[in-house]
Amino acid sequence: MKVLLVEDEEYTRNGIVRSIPWSELGIDEVVTAEDGQEGLSRALAEQPQIIITDMRMPRMNGHEMASIIRECLSDCSFIFISGFTDVSYFKSAISLSAVDYITKPIDIEELVTVLTSAIAIQNEKARDNRKNERNAVLILTQPDADLTLLDARYTIDPTLLSVVVCVATTASDAVESAIRTTAARFPFKLLLAHWNQNYRLIISCPSPEIDQLKQFMNQLSETCGPAGPAVVSCSSWRQSKHELATAFTEAQLALQRSFYHQKQRVFLYTDAASSLEVEYDPVPEFRRYLSRFGPEKTISWLTEQYDHIRQHDGTPVEIVQNWIFRMLVDFDLFRQQNRSDHSRQSLDKTALWSQIKARTQIASLFDLLVCQLTEIEETNCENTVLDSEQKIVMEAQKFIHNHFTESSLALNHIAEHVNISTSYLCSLYKSVTGQTVKQYLTHCRIQKARRMLETTRLHNHEISQQAGYSDSNYFVKSFRKHIGLTPQEYRREHSTL
């Protein structure tokens, strides 16, 4: 909160500045002026919430100054001080709705008391203003809303262009302050509201520039996240207040694209975001793969589906969540049918849906499903109990899936885990799956590398280490052999950043 002190007597002015415990009262800044003319200029430039002013001053007296300021800053609180007790001064203070009138010599305790009352008034006005501003934003962004209900103070200037910006973060005074502080650095007019886990911003300006808007959004992302950058999206520019509900829908559609892009944090609305056809449904094919080929080939198929779905980041998030939910339900039924012990508790579908809704990234959802598939202990494509050899292979696959990112992982580690010799593991794995242990290990590492190339800006040596390769040159050769492209070529074609 800011206070302007207008007093022509330097001794009195400096005495007030030194004697008041401003910070304890919640005052962040105190600016001063030596007469009414300077006070008017400082008030219009600084826009203080509270003005303490002398009545009698050269060039322009306190009443004249306050009358002009009141026209521009209608919510400002005035405290008048004077060495005179003329009735006309009291009447002037009353006509301008002053908080109080203090006579000289000034009693500091009295001034602190009056100032405390003015601060309380300003805090109450600020709460009311935020509430009215919030209601205005919600009305403007609500389809078919009655715009005649808008408070005149929060209408949209028809000469300006506007966008709706969404910031995905929880509400707090610190975040709201960060948003307003950031907006103040740009030539924007701001309306702000928080609703349903998002801040809605209506930004208006006379001549929008896309680079300036991106800079603003990047700064919002960096300053508004509770634990790291926040996700920020915006609509296309709109000319009329009647188009802001459509603009808000655009901003929401842009915001949901963060579900498909793990590292990206700023999203502009674009018609280029493609969506899968309504008829597309991978669940029946998931059932077919699971029943006919078992978990291993189903995981490979899921990897392909993950890549395909993520390329269509305009697909509604709820649709993908529903697919994963149905797959997990089908998988639970499949697991029940293929185990000798049927004492396992039935699936809690409500808890499962809550778990799915809590995951904000498509990669996390697919990991949930893949993890379930790799942890299965018994399965058979003809609904019979697995034999001991299949159990050994599946346990080996589970161990590989949990440890493939370790470059030191070797055949003897896997063989020791399943309590068989290395040579028997190799022959058994080949006979059951049709591929070698090394081929499966390489497949896991290559798929991990593909995801990181698509969703991060990590260098090759960093990706190779996290995917389980000790030699980055060997990683590049292996990747090209299996994918047909170098890591750099693959990133250029498939990066979502």
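Let me have the 222 nm mean residue ellipticity of the chain computed from DSSP H runs of 4+ only, each contributing -39500 (n - 2.57), with the sum over all residues rounded to the nearest 500.
-17500 deg cm²/dmol
In terms of solvent-accessible area of protein heavy atoms at a 1.4 angstrom probe, what is the ranking of Leu220, Leu333, highest value first?
Putting Leu220, Leu333 in descending order of accessible area: Leu333, Leu220.
Normalised radius of gyration for region 211-342, please: alpha carbon Rg relative to 2.2 N^0.38 Å, two decimal places.
That works out to 1.39 for region 211-342.
Can you work out the base-10 log of I(q)/I(0) for region 1-149 at q = 0.09, 0.19 1/Å, using the Debye formula on its C-alpha atoms alone?
Listed by q, the Debye log ratios stand at -0.31, -1.11.
Assuming 0.890 mPa s and 25 °C, estimate D for region 110-222 with Stokes-Einstein, Rh taken as the Kirkwood radius over Cα pairs, in µm²/s.
Values: Rh = 15.6 Å.
So the translational diffusion coefficient is about 158 µm²/s.
If every alpha-carbon in region 89-165 counts as one equal scatterer, what log10 I(q)/I(0) does Debye give at q = 0.22, 0.26 1/Å?
Normalising to I(0) and taking log10 leaves -1.03, -1.24.
Given 0.36 nm per residue, what is the gain on full extension from Leu485 to Asp151 after removing their alpha carbon distance, in nm?
114.3 nm
If you split all Cα-Cα distances of region 381-497 into 10 Å bins from zero, what percentages do you get per bin, shortest first?
It works out to 13, 40, 28, 16, 3, in whole percents.
Please work out how much length the chain gains when fully extended from Lys349 to Lys189, using 0.36 nm per residue of separation minus the C-alpha to C-alpha distance, in nm with one decimal.
Numbers: separation 160, 0.36 × 160 = 57.60 nm, distance 4.66 nm.
Extra length from Lys349 to Lys189 when fully extended: 52.9 nm.
Taking the simple approach of a point 7 Å from Cα along Cα-to-Cβ for both Met1 and Ser172, what is their distance in nm?
2.3 nm
When DSSP beta bridges are limited to those with both residues in the chain, what percentage is antiparallel, rounded to the nearest 5?
50 percent
Work out the length of the dipole vector of region 118-220 about its Cα centre, built from +1 on the beta-carbon of each Lys and Arg and -1 on the beta-carbon of each Asp and Glu, and round it to the nearest 20 debye. If you can, show how the numbers build up before the last one.
On the way: 11 positive and 11 negative charges, 48 e Å.
So the dipole magnitude of region 118-220 works out to roughly 240 debye.
Taking Rh as the Kirkwood radius computed over C-alpha pairs, what is the Stokes-Einstein D of the chain at 4 °C in a medium of viscosity 1.567 mPa s, expressed in µm² per second?
Reported coefficient: 46 µm²/s.
Kindly state, to the nearest 0.05, the FRET efficiency for Lys357 paired with Asp307, given R0 = 25 Å and r defined as their beta-carbon distance.
Efficiency for this residue pair is about 0.60.
Could you provide, to the nearest whole Å², the per residue accessible area of region 268-307 with probe 1.4 Å?
I get 54 Å² per residue for region 268-307.
The values are calculated or read from the model by the stated rules, or taken from the named source; none is laboratory data. Small disclaimer: the values here were computed from a predicted structure and weren't measured. Note that each Cβ is placed from the backbone with ideal geometry, even for glycine, and that neighbours are counted across all protein chains shown. Accessible surface is based on the protein model in full, side chains and every heavy atom, while ligands, DNA and RNA are left aside. Shrake-Rupley method; radii C 1.70, N 1.55, O 1.52, S 1.80 Å.
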